[in-house]
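Q: Following this message is one structure expressed as structure tokens.
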Amino acid sequence: MTKLLIKLFIKNSHDVDNPEIRNKYGTFSGIVGIVLNILLFTGKLFAGIISCSVSITADAINNLSDAGSSIITLVGFKMAGKPADNEHPFGHGRYEYVSGFTISMVIILLGFEIGKTSISKIISPDEISFSLISIIILGASVLVKLWMCLFNRKLGNIINSNTMKATSLDSLSDVMATMVVIIGIVVSYFTGLKIDGYLGVAVALFIIYTGFSAAKGMLDQLLGEAPDKELLEKIKAFVLKYDNIIGVHDIIVHSYGAGRCIVSLHAEVPCDIDMLIIHDVIDNIESQMNEEFRCQTVIHMDPIEVNNEKVTECFQCVFAIIRKIDENISMHDFRMVSGDSHTNLIFDVAIPFDFKISDAELIELIKSEVKNLNNDYNAVVEIDKEPR
């Protein structure tokens, strides 16, 4: 059904890297959320009133907050779709993350308010009137929310949106919360136990947990997440397919929202090649990167000696030392600079952020091992950090 709705309401839906198409997905999700959540709020509020149940009323208010969240999602995607301007030269894509974080805060605050009301009902419980109509309304809402969960998860996966995935998670928590309420009403009817307030607290905890989970995802994106490993491998393979590109390292992806990113990387090239030729190659790569990955690319050239046997042999020896220390680290930008008294071996070592020893200890260890290799060698090591 979701695929059919996408085809009906979103033209060129396959072009998900296009900010305009992404905005249409966000708008579509927001409108569906607003309409369905208002209908659910109306139905549950009616059920809560006729049954005098705080847990059902709390569940209804939760759906009203979901409608408000859908409005924020709608506005967020609209703002994120605005083009770059003088004040925001990289566009407004991160508005999507801001809107998602705002939704999370609303969810958390609402959860606390429902919790306070439920605790008062635990202290002073009211009689609950069993109503078949209430059970039918709640059962229907479970089915609707389950569909909304799958709907938003599908859209979120298609355009890789954490905001929509958070909305999907919220819908799933609503399904669980409503199921708890239904069970509570049935238990109260057959046993006479006044557990409505306790169930309201359970619903509130579900809501708060959902809010915190969604907030973490949004904050991670606002602070800057490590780029996807699959994307890094694709970029590396794409650049290496060009002639005279020996190696690629120090890939950095700056994300300013989906479809809006800047990539910088270092490309190792032969040091004896004509600069005009290699400059043209680099220009072509940067241009093609924009078409392939929809990103602005800046490439720094690192000249490497490839036809010097002594340098190649020394590189292999030092690389063996690096691998002996730890197989998870790598080396690049290797150069030999000979002098009257010693030879500097200059290179970078890339290690994970959570590497087992400190940078200073690693540098001293490498220097010592290089000295053992040849007393005339002096290692000049630069440490780079990269995610695992």
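The values are calculated or read from the model by the stated rules, or taken from the named source; none is laboratory data. Keep in mind it's a predicted model, so treat the numbers as computed, not measured. Cβ placement follows ideal geometry from the backbone for every residue including glycine, while neighbour counts extend to all protein chains displayed.
Q: With respect to the numbered conditions (1) in contact (Cβ under 8 Å) with a residue 12 or more places away in the chain; (2) basic (Lys, Arg); (3) surrounded by 12 or more Cβ atoms within 10 Å (Cβ to Cβ), which one is the sole condition not fulfilled by LYS310?
A: Of (1) in contact (Cβ under 8 Å) with a residue 12 or more places away in the chain; (2) basic (Lys, Arg); (3) surrounded by 12 or more Cβ atoms within 10 Å (Cβ to Cβ), only one is false for LYS310: (3).
Q: Based on this model, can you work out whether SER255 counts as surrounded by 15 or more Cβ atoms within 10 Å (Cβ to Cβ), within 25 Å of PRO83 (Cβ to Cβ) and among the polar types (S, T, N, Q)?
A: Working: surrounded by 15 or more Cβ atoms within 10 Å (Cβ to Cβ): yes; within 25 Å of PRO83 (Cβ to Cβ): yes; among the polar types (S, T, N, Q): yes.
Against the criterion (surrounded by 15 or more Cβ atoms within 10 Å (Cβ to Cβ), within 25 Å of PRO83 (Cβ to Cβ) and among the polar types (S, T, N, Q)), SER255 qualifies.
Q: Quickly run through the stretch 187-201 and pick out the residues that are in contact (Cβ under 8 Å) with a residue 12 or more places away in the chain and among the β-branched types (Val, Ile, Thr). Break it down stepwise before answering.
A: Within the stretch 187-201, the subset in contact (Cβ under 8 Å) with a residue 12 or more places away in the chain is 188-189, 194, 196-201.
VAL201 - this is the single residue of the stretch 187-201 that is in contact (Cβ under 8 Å) with a residue 12 or more places away in the chain and among the β-branched types (Val, Ile, Thr).
Q: Tell me whether the stretch 84-102 contains one or more residues that are more than 23 Å from THR27 (Cβ to Cβ), assigned to a helix (DSSP H, G or I) and among the small types (Gly, Ala, Ser). If you could, list the steps in order and put the result at the bottom.
A: Pass one, the stretch 84-102, residues more than 23 Å from THR27 (Cβ to Cβ): 86-87, 89.
Among the residues that remain, those that are also assigned to a helix (DSSP H, G or I) are: none.
Checked the stretch 84-102: no residue is more than 23 Å from THR27 (Cβ to Cβ), assigned to a helix (DSSP H, G or I) and among the small types (Gly, Ala, Ser).
Q: Regarding the stretch 242-256, can at least one residue be identified that is aromatic (Phe, Trp, Tyr) and either more than 20 Å from PRO387 (Cβ to Cβ) or in contact with a Ser or Thr (Cβ under 9 Å, 6 or more places away or on another chain) (or both)?
A: Residues of the stretch 242-256 aromatic (Phe, Trp, Tyr): 242, 256.
Checking the rest, the ones that are also either more than 20 Å from PRO387 (Cβ to Cβ) or in contact with a Ser or Thr (Cβ under 9 Å, 6 or more places away or on another chain) (or both) come to 242.
For the stretch 242-256, residues aromatic (Phe, Trp, Tyr) and either more than 20 Å from PRO387 (Cβ to Cβ) or in contact with a Ser or Thr (Cβ under 9 Å, 6 or more places away or on another chain) (or both): present.
Q: In addition: Just to be sure I understand, how many residues within the stretch 6-46 are of a type outside the set (Ser, Thr, Tyr) and either closer than 20 Å to ILE207 by Cα or not assigned by TED's automatic domain parsing to the domain that holds LYS154 (or both)? Before you say what the answer is, go through the steps one by one.
A: Within the stretch 6-46, the first condition is being of a type outside the set (Ser, Thr, Tyr), and the residues that meet it are 6-12, 14-24, 26, 28, 30-41, 43-46.
Those left that are additionally either closer than 20 Å to ILE207 by Cα or not assigned by TED's automatic domain parsing to the domain that holds LYS154 (or both): 30, 33-34, 36-41, 43-45.
Total satisfying the criteria: 12.
Q: Given the conditions (1) closer than 30 Å to GLN296 by Cβ; (2) part of a helix (DSSP H, G or I); (3) more than 21 Å from the chain's Cα centre (by Cα), report the number of the one that ASN23 does not fulfil.
A: Going through the list (1) closer than 30 Å to GLN296 by Cβ; (2) part of a helix (DSSP H, G or I); (3) more than 21 Å from the chain's Cα centre (by Cα), ASN23 breaks only (3).
Q: For the stretch 97-120, what are the residues that are of a type in the set (S, T, N, Q), surrounded by fewer than 21 Cβ atoms within 10 Å (Cβ to Cβ) and either within 21 Å of SER213 (Cβ to Cβ) or not assigned by TED's automatic domain parsing to the domain that holds VAL75 (or both)?
A: Matches in the stretch 97-120: THR102 only.
Q: Can you tell me which residue in the stretch 366-388 is nearest to the chain's Cα centre (by Cα), limited to those that are in a helix (DSSP H, G or I) and either more than 19 Å from ASP333 (Cα to Cα) or charged (D, E, K, R) (or both)?
A: Pass one, the stretch 366-388, residues in a helix (DSSP H, G or I): 366-373.
Subsequent filtering for residues that are either more than 19 Å from ASP333 (Cα to Cα) or charged (D, E, K, R) (or both) retains 367-369, 371-373.
On the way: LYS367: 39, SER368: 41, GLU369: 41, LYS371: 44, ASN372: 45, LEU373: 45 Å.
Taking the candidates together, the pick is LYS367.
Q: Considering the stretch 282-298 alone, what residues qualify as being at pLDDT below 90, in a helix (DSSP H, G or I) and surrounded by fewer than 18 Cβ atoms within 10 Å (Cβ to Cβ)? Outline the logic, then answer.
A: Within the stretch 282-298, the subset at pLDDT below 90 is 290-296.
In the following step, the residues that additionally are in a helix (DSSP H, G or I) were identified as 290-293.
Hits for the stretch 282-298 are ASN290, GLU291, GLU292.
Q: Before we move on, is THR57 touching a Lys or Arg at 6+ places or on another chain (Cβ under 9 Å) and farther than 28 Å from SER255 by Cα?
A: Numbers: touching a Lys or Arg at 6+ places or on another chain (Cβ under 9 Å): yes; farther than 28 Å from SER255 by Cα: yes.
When the stated conditions are applied, THR57 passes them.
Q: Determine if the stretch 73-96 includes at least one residue that is buried (at least 18 other Cβ atoms within 10 Å of the Cβ), free of Cβ contacts under 8 Å to residues at least 60 places away in the same chain and among the β-branched types (Val, Ile, Thr).
A: No; the residues of the stretch 73-96 include none that is buried (at least 18 other Cβ atoms within 10 Å of the Cβ), free of Cβ contacts under 8 Å to residues at least 60 places away in the same chain and among the β-branched types (Val, Ile, Thr).
Q: Additional query: For the stretch 285-316, enumerate the residues that are under 15 Å from ILE346 (Cβ atoms) and touching a helix residue (DSSP H, G or I) at 6+ places or on another chain (Cβ under 8 Å).
A: The answer is GLU305, and nothing else.
Q: Looking at the stretch 129-154 only, could you name the residues that are in contact with a Phe, Trp or Tyr (Cβ under 8 Å, 6 or more places away or on another chain) and surrounded by 14 or more Cβ atoms within 10 Å (Cβ to Cβ)?
A: ILE137, the sole residue that qualifies.
Q: Only one residue in MET331, MET336, MET301 is surrounded by 15 or more Cβ atoms within 10 Å (Cβ to Cβ), assigned by TED's automatic domain parsing to the domain that holds VAL269 and within 30 Å of GLY91 (Cβ to Cβ). Which one? Spell out how you get there, then give the answer.
A: Details: MET331 fails: within 30 Å of GLY91 (Cβ to Cβ); MET336 fails: within 30 Å of GLY91 (Cβ to Cβ).
Unique residue meeting the criteria: MET301.
Q: Give the residue that is surrounded by the most Cβ atoms within 10 Å (Cβ to Cβ), with candidates limited to residues of the stretch 29-59 that are over 30 Å from the mean Cα position of the chain (by Cα) and either closer than 14 Å to LEU110 by Cβ or of a type in the set (D, E, K, R) (or both).
A: Checked the stretch 29-59; the qualifying residue surrounded by the most Cβ atoms within 10 Å (Cβ to Cβ) is ALA58.
Q: Now for a separate question. When the residues of the stretch 172-228 are filtered to those that are over 30 Å from PRO352 (Cβ atoms) and charged (D, E, K, R), which remaining residue is surrounded by the fewest Cβ atoms within 10 Å (Cβ to Cβ)? It would help to see each step written out before you state the result.
A: Just the residues of the stretch 172-228 that are over 30 Å from PRO352 (Cβ atoms), to begin with: 172-211.
Those still in the list that are charged (D, E, K, R) too: 174, 194, 196.
Working: ASP174: 27, LYS194: 14, ASP196: 26.
My answer is LYS194.
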